[in-house]
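First comes the structure, then the notes that go with it.
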Amino acid sequence: MSSFLHRLFTWGKAEAHAAMDKLEDPTRMAEQGIRDLQADQVKAMEGLAQIKAQTVRLRRDSTQEKETATGYERKAMLLLQKAQSGALATAEAERLATEALAKRDGALERARLLEADLHKMEAMTAQLEGNVQKIRSQIGKWENELRSLKARAQVGQATRKLNEQLAKVNGDGTIAMLERMKDKVATEESLAEAYGDLAAVETSVDAEIDRVLSQPAAAADSLAALKQKMGL
């Protein structure tokens, strides 16, 4: 049971470390940041489109109100002209002209309010367009930096692996192995030299024996005669 709990604890710790590595991965964090900016850009573009649509509508409504005001003013002038020509009673013409001018003033007031809203919308449009441009510029900057960092990361990883391999080659274990190999080679060379000396000794003894045996018989007889003469 304790063995199972130990394995379970080890697995949980490994999973937690893996999760932390994922959270702390700068590449993934940068990519997520770019995706968030892109989402913000989409929302900003949608908001910009809506504001521009409202701006177009306000401008159209303001123009229509101004045209309406101009129309009522023209009608008031025609009514006064009719009264002057006698085609319409002066009192009636002035009453209707006054009503027309009141409608003109109402249209002008609505046009003024619409223009005020229009100016606000245009200011908001300019500000939102600036924000969209900033987001777009930031996305481009981050994408370029991310590409550069990825390339540098690949080079760094390759360099690290190469340095690790070089470190292993120059490590204590490799040096010890080379030293053992040197000792072995030196031992083999010493044994070879020793066997060579033994072979040389055996060869010299054989050479001396052969030399003695190869002396001429006359020389041996002369030596024997000399020994007999000397009583040896």
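The values are calculated or read from the model by the stated rules, or taken from the named source; none is laboratory data. What you see is a predicted model, and the numbers here were worked out from it, not measured in a lab. As a convention, Cβ positions derive from the backbone with ideal geometry for all residues, glycine included, and neighbour counts pool all protein chains shown.
Taking the criterion of being out of contact with any Lys or Arg (no Cβ under 7 Å at 6 or more places or on another chain), of a type in the set (Val, Ile, Thr) and at pLDDT below 80, would at least one residue in the range 206-227 satisfy it?
yes
Looking only at residues that are of a type in the set (S, T, N, Q) and over 24 Å from residue 102 (Cβ atoms) in the range 49-72, which one is nearest to the chain's Cα centre (by Cα)?
50
For the range 95-116, name all the residues that are acidic (Asp, Glu) and either outside the structural domain of residue 82 (by TED's automatic domain parsing) or surrounded by 15 or more Cβ atoms within 10 Å (Cβ to Cβ) (or both).
Matches in the range 95-116: 115 only.
Taking the stated definitions as given, is residue 101 touching a residue at least 12 places away in the same chain (Cβ under 8 Å) and assigned to a helix (DSSP H, G or I)?
yes
I'm told residue 2 meets every condition in (1) out of contact with any Leu (no Cβ under 7 Å at 6 or more places or on another chain); (2) hydroxyl-bearing (Ser, Thr, Tyr); (3) modelled with pLDDT of 75 or more except one. Can you identify the failing condition by its number?
(3)
So for the range 78-86 (the condition being exposed (fewer than 12 other Cβ atoms within 10 Å of the Cβ) and part of a helix (DSSP H, G or I)), does at least one residue qualify?
yes
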